Every structure is written in structure tokens, then in C-alpha cells.
């Protein structure tokens, strides 16, 4: 059902674009930010797990609210078949005692089992692999605004996609096993995310 909801919402946003089937987000002008839920932050604190960012400014706390931000070097959406892939730089770290976990190289896609975010997981010096970390549930239709002028690559504008992030079963099991706890479960709310960027449609 989530997949159908996502595709419908994406179609609504895509309707305002030009007739060209694809568009991509512009590097340096696009990012994904995630406001971490108080439940997730409190759970980490209770378990004495300290979160961090892998890049400067990647994780910031203001007014008691923690926000993680990840730059988007490449992203493409094909409106003809409603498929997308959004690649990110940076990541998050989780440290407890001598255990240091990094979650990095995030990719948002909807090719397999509905919209999800996968990441490269590393525990201390061991690379575990790329696993589905979060399930994404859209908060509404993407907001698409086009500029009045066009570029040589096609028409341009901005796009904003908002979604709730929850833990997948694989991610919950991995966190529990790594830190020796049972606090994390499938659908545990991680936070509210926003993809914000400038797009070009028809770019090759």
C-alpha cells in the first residue's frame, strides 16, 4: 500500500514538470535533512550510544532538536515509469564503549520493495555490507516549482519531498545485535526527512 501511495504522490508532483520523462537534482544545490525523533534520541541516550556525523556539520543540535543533513551529489527521477534514485554523501556514527558503527553512502530508491533508504554499514573495522535501513512513508505529494526561465539542459525548478523514516526489520536486528540490546524494533520512528533540491528535467 505504501508503494502505491508513493507512486501516486510522485505522479501528482511530476504532472507539473515538462513532457520530458526524466529530471535530475543539481549537485551542490540539493540535500536531504532528517530531524531525528525525540524517541530515537532518548533511546540512544538510555543505551549510552552517542550519535555523530561523518562530516563537519553533518549532525547539528539546536534548541534540543537534532538534525542530520546529507548532500546529494546525484539523483534522477524518471517520470515515465515513476522510478527514482537519490544518492548521498556523508553519514552517521553510533558509538558505545569500544563499539563504533558507521552508516554511510545513503541511497533512497523505490526499485525493490517500496520507497526505502539503504546504507553501507561498518562495525569497527569490519564492513557488514549495504542493508535497507529505513522505510520511507511520504507525508504528502512532492512539491514541485518551476523557474520561469529554462537552461540549455532543459527546464529547471525546485522539488521538496517529505517523508517519515522508520527502522526496517533488518536494521533493528543489526542494531540490537551490535549493541547487545533489544530496544530497537521494526517501524521504530527515526525522524522526519525532507529532500530539498534544484532539478533539471531532461538532463542527460
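Kindly provide the set of residues from segment 149-166 that are crowded, with 16+ Cβ neighbours inside 10 Å and modelled with pLDDT under 85, ordered by number.
Of everything in segment 149-166, those that are crowded, with 16+ Cβ neighbours inside 10 Å and modelled with pLDDT under 85 turn out to be 154, 155, 156.
Can you confirm whether residue 187 is under 21 Å from the mean Cα position of the chain (by Cα), within 21 Å of residue 85 (Cβ to Cβ), modelled with pLDDT of 85 or more and outside any strand (DSSP E or B)?
So residue 187 does not fit the description; no.
Which of the numbered conditions does residue 98 fail, given that it passes all the others? Conditions: (1) touching a strand residue (DSSP E or B) at 6+ places or on another chain (Cβ under 9 Å); (2) surrounded by fewer than 20 Cβ atoms within 10 Å (Cβ to Cβ); (3) over 24 Å from residue 196 (Cα atoms).
Result: residue 98 passes all but (1).
Do we find that residue 200 is in contact with a helix residue (DSSP H, G or I) (Cβ under 6 Å, 6 or more places away or on another chain), over 20 Å from residue 48 (Cβ atoms) and in contact (Cβ under 8 Å) with a residue 12 or more places away in the chain in this structure?
It is false that residue 200 is in contact with a helix residue (DSSP H, G or I) (Cβ under 6 Å, 6 or more places away or on another chain), over 20 Å from residue 48 (Cβ atoms) and in contact (Cβ under 8 Å) with a residue 12 or more places away in the chain.
Being surrounded by 13 or more Cβ atoms within 10 Å (Cβ to Cβ), in contact (Cβ under 8 Å) with a residue 60 or more places away in the chain and in contact with a strand residue (DSSP E or B) (Cβ under 6 Å, 6 or more places away or on another chain) narrows it down to one of 29, 66, so name that one.
Every option except 29 fails the conditions.
Every residue, every condition in (1) under 23 Å from residue 27 (Cα atoms); (2) surrounded by fewer than 15 Cβ atoms within 10 Å (Cβ to Cβ), yes or no:
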| site | (1), (2) |
| --- | --- |
| 44 | no, no |
| 54 | yes, no |
| 62 | no, yes |
| 87 | yes, no |
| 114 | no, no |
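Filter segment 98-110 down to residues that are in contact with a helix residue (DSSP H, G or I) (Cβ under 9 Å, 6 or more places away or on another chain) and outside any strand (DSSP E or B), then give me how many there are.
Residues meeting the conditions: 1.
Of the conditions (1) at pLDDT 95 or above; (2) under 13 Å from the mean Cα position of the chain (by Cα), residue 109 fails just one. Which one is it?
(1)
Checking the structure you have, find out if any residue of segment 163-184 is within 18 Å of the chain's Cα centre (by Cα) and within 18 Å of residue 30 (Cα to Cα).
Checking segment 163-184: at least one residue is within 18 Å of the chain's Cα centre (by Cα) and within 18 Å of residue 30 (Cα to Cα).
Can you tell me which of 193, 119, 180, 129 is over 18 Å from residue 39 (Cβ atoms) and in contact (Cβ under 8 Å) with a residue 24 or more places away in the chain?
Numbers: 193 fails: over 18 Å from residue 39 (Cβ atoms); 180 fails: in contact (Cβ under 8 Å) with a residue 24 or more places away in the chain; 129 fails: in contact (Cβ under 8 Å) with a residue 24 or more places away in the chain.
Checking each option against the conditions leaves just 119.
Taking into account only those residues within segment 59-90 that are within 18 Å of residue 136 (Cβ to Cβ) and touching a helix residue (DSSP H, G or I) at 6+ places or on another chain (Cβ under 8 Å), which is modelled with the lowest pLDDT?
82
The values are calculated or read from the model by the stated rules, or taken from the named source; none is laboratory data. Small disclaimer: the values here were computed from a predicted structure and weren't measured. Backbone-built Cβ (ideal geometry, glycine too); neighbour counts: all protein chains shown.
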